[in-house]
Amino acid sequence: MIYLKRDRLQSVPFTGSYVELKEQNKISSSIKDLIIDKTKACCTGSPKRLSQYLFHLFPVLAWLPRYKVKEYLLGDIVSGIIVGIVTIPQAIAYSLLASQDPIYGLYSNFFCCIIYFFMASSRHNCVGTFGVLCLMIGESVNKHLKAAGFSEEEGLTIITNATLAVNGTVCGRSCYAIKVATTLTFMAGIYQILMGILQLGFISMYLSEPLLSGFVTGSSLTIVTSQMKYLLGLRITRRDGAGSLVMTWIDVFSNLGTTNICDLLTSIVALAVMITVKEINDRFKSKMKVPFPIELLVIIVATLVSHYFDFSGNYKSSICGTIPTGFKAPRAPDLNLVPKVATDAIPIAIIGFAMTVSLAELFAKKHGYTVSTNQEMIAIGTCNFIQSFFYSFATCAALAKTLLKESTGANTQLNGVVSAIMLLLVLLAIAPLFYSLQNCILGVITVVSLGSALRKFADTPKMWRVSKIDTVVWWVSMLASSLISTEIGLLVGVCFSMVCVIVQTQRPRATLLAKVSGTEIYEDQFTYKELRIIPNIKIYRFDAALYYANKDYFKNMLFSKTGINPSMVSAKQQKAKKERERAVVNEETKYRCFAKLNILKTVCKPHNPPENVVPSITMHTLIIDCGAMQFIDSVGLNVLKEIQTDYNEIGVQVFLANCNPSVRRLLHNGGYFSNTSKNVEQFAFHSINDAVKFSEREFQEKKKINETEDDVISSHDNHTTGADI
């Protein structure tokens, strides 16, 4: 009876709102022709095309001629001076973090500001030394220093000088450290330039905000830990690699007895003053036009006090020492070190361009202009590439200085030139004055500058309420980057973030929909109240793409939500059919036996078993809402075919709704509609409401056919009964 009803159903004419769409004609071209056309376009030279390349490569050529002097100049100069003042102490402090002499931090900030001015598409990014990058550079530098046989305490070669001979001279510890750092920066710059040329800016999308935030916070913990020896004046070896944070704290507590009291007291006073002033700056930033430059004031006062009281001679306090003036002659990176540092440069390049691109997009959106992510990668890559020839290490956009730059009235990258001039004054004349500056002051400046990253711990409860997955990604990235290492932590964070995305697509939300009364809108019937459930129709929604990894979950949730497993129902129907046939045979056998004994036929007339032996199906239509399915692969297509076949066998028709064009094309090309009627695509509706209306009309037509059938059968049975009597 079920198959008869399905055949009758297919004969009903289609009365739904079916729309047939024809695809536009596409211009077919081979890959070979495309490559040839692109090559011709790139190689065809003309003055106009050359100017376009120059304007694209150097955005300063476009905005500088239109520079509004009266509107922009004052803000750029004031902001540039303030940022330059803040950059000076940070440049010196971050040099220790990168295991370099203070002068190299000043070089790095000076050259990157000049180069970025010419090539940046962002107006507000402030490039320079960044704590996380300096930490990663310092870890790599220390690793190679140990491999080359240098002692951190003595600063001399203690194993062999054979690997350190350069042009007939022996390179000391400081010389070798900057060689490693510049080669590392050279490779990072090449990677970033190549990514920009190859249009790989989309890679930054895989570094989500929770991942980056957790990575920066975890790295900040490592930075704070590495600065404890300066704050306490301890003579301990720097730890690098997996577990360096835990091992460093063990060393700190083991050597507390050797704490330098002078450094400790200086650190406490500097911390108290800087944190207090920083809080005042943050609390009254709306009323203060310019934040108070507490870092510079602390450096000046601390240097004067250390010099006149001779902290180095009287209390054995660690100081910066001689900082030379002027510039050194350019020198190419050591190409012999390239194979050794090529791997270490990859995470530095990724973090550098990710921070630069994300900040550029953030402030461009805030101020209503556009930036080119690929140009930003080329810009920061060129900065690193060129400055690697000038005794500088890797730089990128820094959040704290960019916020300061934007809040103090900066309008264009001319601000960076003003900051570079401030650094130039220090490099040419002022640098030697920092001779007596204590290293503990530099450590304090580094720790205080990481306050915003460390305050992210307070945001995790709010993040948990918004998204539990993002919170878990943040914690995993933070713990991995702090407890293991920065490079491995970044890799762990990326891998875990991608696993979370895969898990979300493997086990997405699956539900049944019901109608919002008085509308054509359908919503989750388990979430919202007062929704009207359509009788005998189940509307199933799956909030993810259907592919090989979630096919079983798709079917299990479908059977669970609808309460019908077609395979089990079909098996029960087959079993009931066999029992019915067996019962008919038994009744016919009894009838023949009784007929031989001349017993009345009316007494032993064969009869059919009760209809309730066959499982009843209250649902006559299943509608699958495909609105959230971005794509369906071949495995997902086979699942839909299987579901269509299985439900049709038990008398339930299957419709699809809200399929996007790519899904409809796959269904058509994959033969999904081969088991339906001639108007095959009528079973993939453009809306749920159309599918529901069509299903209800089909049901009414089927009901009329069944009633007519039942009348005919009843009339025939009455006639037969009368004849038997």
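Every listed requirement among (1) closer than 22 Å to G138 by Cβ; (2) surrounded by fewer than 19 Cβ atoms within 10 Å (Cβ to Cβ) is met by C396 save one, (2). If I filter segment 471-484 for residues that are farther than 14 Å from P210 by Cα, touching a strand residue (DSSP E or B) at 6+ places or on another chain (Cβ under 7 Å) and surrounded by 22 or more Cβ atoms within 10 Å (Cβ to Cβ), do I get at least one hit? Checking segment 471-484: not a single residue is farther than 14 Å from P210 by Cα, touching a strand residue (DSSP E or B) at 6+ places or on another chain (Cβ under 7 Å) and surrounded by 22 or more Cβ atoms within 10 Å (Cβ to Cβ). Here K462 passes the criteria (1) surrounded by fewer than 19 Cβ atoms within 10 Å (Cβ to Cβ); (2) part of a helix (DSSP H, G or I); (3) in contact (Cβ under 8 Å) with a residue 24 or more places away in the chain except the one numbered (3). Of all residues in segment 349-377, exactly one satisfies the criterion of being more than 20 Å from the chain's Cα centre (by Cα) and either aromatic (F, W, Y) or crowded, with 24+ Cβ neighbours inside 10 Å (or both), namely Y369. Restricting segment 523-564 to residues that are aliphatic (A, V, I, L, M) and more than 35 Å from the chain's Cα centre (by Cα), which is surrounded by the fewest Cβ atoms within 10 Å (Cβ to Cβ)? Selected residue: I533.
Within segment 478-511, the set of residues being of a type in the set (V, I, T), outside any helix (DSSP H, G or I) and under 30 Å from I223 (Cα atoms) comprises I484 only. So is S46 farther than 30 Å from E696 by Cα, at pLDDT 80 or above and either surrounded by fewer than 19 Cβ atoms within 10 Å (Cβ to Cβ) or of a type outside the set (A, V, I, L, M, F, W, C) (or both) or not? Here the answer is no, as S46 does not meet what is asked.
Among the candidates K572, K555, the residue that is more than 30 Å from Y522 (Cβ to Cβ), among the basic types (K, R) and modelled with pLDDT of 70 or more is uniquely K572. Residues that are among the hydroxyl-bearing types (S, T, Y) and buried (at least 18 other Cβ atoms within 10 Å of the Cβ) within segment 262-304 comprise T266, S267, T303, listed in sequence order.
Among all positions in segment 324-345, there is at least one residue which is among the aliphatic types (A, V, I, L, M) and within 24 Å of the chain's Cα centre (by Cα).
Within segment 305-322, one or more residues are exposed (fewer than 15 other Cβ atoms within 10 Å of the Cβ), on the phi > 0 side of the Ramachandran plot, outside any helix (DSSP H, G or I) and modelled with pLDDT of 80 or more. For segment 323-348, filtering for residues that are surrounded by fewer than 15 Cβ atoms within 10 Å (Cβ to Cβ), over 20 Å from T395 (Cα atoms) and aliphatic (A, V, I, L, M) leaves 2.
From the list V269, V246, V273, pick out the single residue that is assigned to a helix (DSSP H, G or I), under 20 Å from R455 (Cβ atoms) and among the hydrophobic types (A, V, I, L, M, F, W, C). After applying the criteria, what remains is V273. Going by the conditions given, is A302 out of contact with any strand residue (DSSP E or B) (no Cβ under 9 Å at 6 or more places or on another chain) and at pLDDT 85 or above? For A302, the condition - out of contact with any strand residue (DSSP E or B) (no Cβ under 9 Å at 6 or more places or on another chain) and at pLDDT 85 or above - is not met.
For beta carbons closer than 9 Å, sequence separation of 6+ or different chains, a first residue in segment 613-627 that is closer than 14 Å to Y647 by Cβ and of a type in the set (A, V, I, L, M) and a second that is modelled with pLDDT under 85 and in a strand (DSSP E or B), the qualifying pairs are I623/F685.
Only residues that are within 16 Å of F118 (Cα to Cα) and surrounded by fewer than 15 Cβ atoms within 10 Å (Cβ to Cβ): list them for segment 64-87, please. Within segment 64-87, L64, P65, R66, Y67 meet the criteria. Each residue in segment 403-441 was checked for being part of a helix (DSSP H, G or I), under 34 Å from the mean Cα position of the chain (by Cα) and modelled with pLDDT under 85, and 5 pass.
Can you give me the number of residues within segment 667-682 that are modelled with pLDDT of 55 or more, open to solvent by 30 Å² or more (accessible area, probe 1.4 Å) and either under 17 Å from E642 (Cβ atoms) or among the β-branched types (V, I, T) (or both)? So the count comes out to 2. When each of Y107, Y53 is tested for being closer than 30 Å to L198 by Cβ, modelled with pLDDT of 85 or more, not in a loop (DSSP other than H, G, I, E, B) and not hydrophobic (A, V, I, L, M, F, W, C), the lone residue that passes is Y107.
The values are calculated or read from the model by the stated rules, or taken from the named source; none is laboratory data. Quick caveat, the model's predicted, so the values are computed rather than measured. We place every Cβ from the backbone using ideal geometry, glycine too, and count neighbours over all the protein chains shown. Just so you know, the surface numbers come from the protein's heavy atoms only, side chains and all, with ligands and any DNA or RNA stripped out. Shrake-Rupley method; radii C 1.70, N 1.55, O 1.52, S 1.80 Å.
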